[in-house]
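The values are calculated or read from the model by the stated rules, or taken from the named source; none is laboratory data. Everything quoted here is computed from the prediction, not taken from an experiment. Backbone-built Cβ (ideal geometry, glycine too); neighbour counts: all protein chains shown. Areas reflect the complete protein model, heavy atoms only, side chains present, ligands, DNA and RNA absent. Shrake-Rupley method; radii C 1.70, N 1.55, O 1.52, S 1.80 Å.
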Amino acid sequence: GTIIKSVKEFNVDVDEINVKLVQGGKTKKEVIIRNTGSQSLKISIESKKIGEFIQISEKSFELNAGESRKVTLEFEAEKDTTPNLYLGKLIVKGEDIEKETPISLEIESSDALFDVLLEIPIQFLRILPGQELLANINLYKLKGEEDLDVLVEYEIRNEKNEVISAQSETIKIKDKIGYTKKIYIPENLEYGRYILYVKVNYDGKIGSASS
């Protein structure tokens, strides 16, 4: 005869959660948790490291086999939150199975004068230590006509949000500028997931982008 093994398994429909807010802003993201196994599961959800920014609509529930549930994550930044890149994780547990989804939350000044668009070409999304990272960067001035000198900072951070390498330069902008930036990746870096965080600082007001 056949033995049918009962399976405990679930999945989360996103690999990563990326959020950008201005000080005092809020937004929502939805994740879908599906029970892909053959028996019901008790699911529990929590956030790690950036809990002060997240409200989770439902933190625990039961999911029958084949059933899915939409969970809403509400992100909110206080008006006095320091503009920065905050990293954390969404942890979903289904009894003895645990899945982590990385969260990156970027907070910009509410009255930033500049915005940044950052694109890493696909062939540079996976690179080896000791190679150069290429990033396409566009800076936009949101108001005013005059030439301004802005400080642009480039940081490579690891999953613990530690800055691995940093450099900066001053760039003169009238309204917008686009350029390609080469960033050397240190040879001694461990394999893993890293984030490029670009900040435009004018008069202490921060606009940013990350990838």
**OP:** Kindly indicate whether any position in region 151-159 is at pLDDT below 95 and within 21 Å of the chain's Cα centre (by Cα).
**Re:** yes
Original post:
Taking region 133-151, which residues are more than 23 Å from Ile120 (Cα to Cα) and part of a strand (DSSP E or B)?
Top reply: Leu148, Asp149
**OP:** Identify the single condition in (1) within 16 Å of Ala112 (Cα to Cα); (2) in contact with a Gly (Cβ under 8 Å, 6 or more places away or on another chain) that Asp175 does not satisfy, given that it satisfies every other one.
**Re:** (2)
**OP:** Please go through region 1-10 and pick out each residue that is surrounded by fewer than 16 Cβ atoms within 10 Å (Cβ to Cβ) and within 17 Å of Lys99 (Cα to Cα).
**Re:** Val7, Glu9
**OP:** Determine, yes or no, whether Glu162 is open to solvent by 20 Å² or more (accessible area, probe 1.4 Å) and in contact (Cβ under 8 Å) with a residue 12 or more places away in the chain.
**Re:** no
Subject >> region 121-145, subset open to solvent by 80 Å² or more (accessible area, probe 1.4 Å) and under 20 Å from Ile206 (Cβ atoms), residue modelled with the highest pLDDT >> reply: Leu142
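Is it the case that Gly207 is of a type outside the set (A, V, I, L, M), touching a residue at least 24 places away in the same chain (Cβ under 8 Å), out of contact with any Lys or Arg (no Cβ under 8 Å at 6 or more places or on another chain) and closer than 24 Å to Ser110 by Cα?
no
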Subject >> Residue satisfying condition, being under 27 Å from Ile156 (Cα atoms) and among the small types (Gly, Ala, Ser), within set Gly94, Gly51, Gly66 >> reply: Gly51
Subject >> Hits in region 68-87 (condition: of a type in the set (D, E, K, R) and exposed (fewer than 15 other Cβ atoms within 10 Å of the Cβ)) >> reply: Lys70, Glu74, Glu78, Lys79, Asp80
Original post:
Before we move on, is Ile45 among the aliphatic types (A, V, I, L, M), surrounded by 12 or more Cβ atoms within 10 Å (Cβ to Cβ) and under 28 Å from Pro83 (Cα atoms)?
Top reply: yes
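Scan region 11-24 for residues that are touching a residue at least 60 places away in the same chain (Cβ under 8 Å), part of a loop (DSSP other than H, G, I, E, B), on the phi < 0 side of the Ramachandran plot and surrounded by fewer than 16 Cβ atoms within 10 Å (Cβ to Cβ) and jot them down.
Across region 11-24, the qualifying residues are Val14, Asp15, Glu16.
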Subject >> Odd one out for Glu100, checked against (1) touching a Phe, Trp or Tyr at 6+ places or on another chain (Cβ under 7 Å); (2) open to solvent by 50 Å² or more (accessible area, probe 1.4 Å); (3) within 30 Å of Ser44 (Cα to Cα); (4) of a type outside the set (Lys, Arg) >> reply: (1)
Original post:
Within region 25-55, how many residues turn out to be within 17 Å of Glu98 (Cα to Cα) and part of a strand (DSSP E or B)?
Top reply: 13
Original post:
Restricting to region 155-177, what's the tally of residues that are part of a strand (DSSP E or B) and closer than 19 Å to Lys143 by Cβ?
Top reply: 5
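Could you check how many residues of region 194-207 are surrounded by fewer than 10 Cβ atoms within 10 Å (Cβ to Cβ) and either more than 23 Å from the chain's Cα centre (by Cα) or of a type in the set (D, E, K, R) (or both)?
Residues flagged as surrounded by fewer than 10 Cβ atoms within 10 Å (Cβ to Cβ) and either more than 23 Å from the chain's Cα centre (by Cα) or of a type in the set (D, E, K, R) (or both) within region 194-207 amount to 0.
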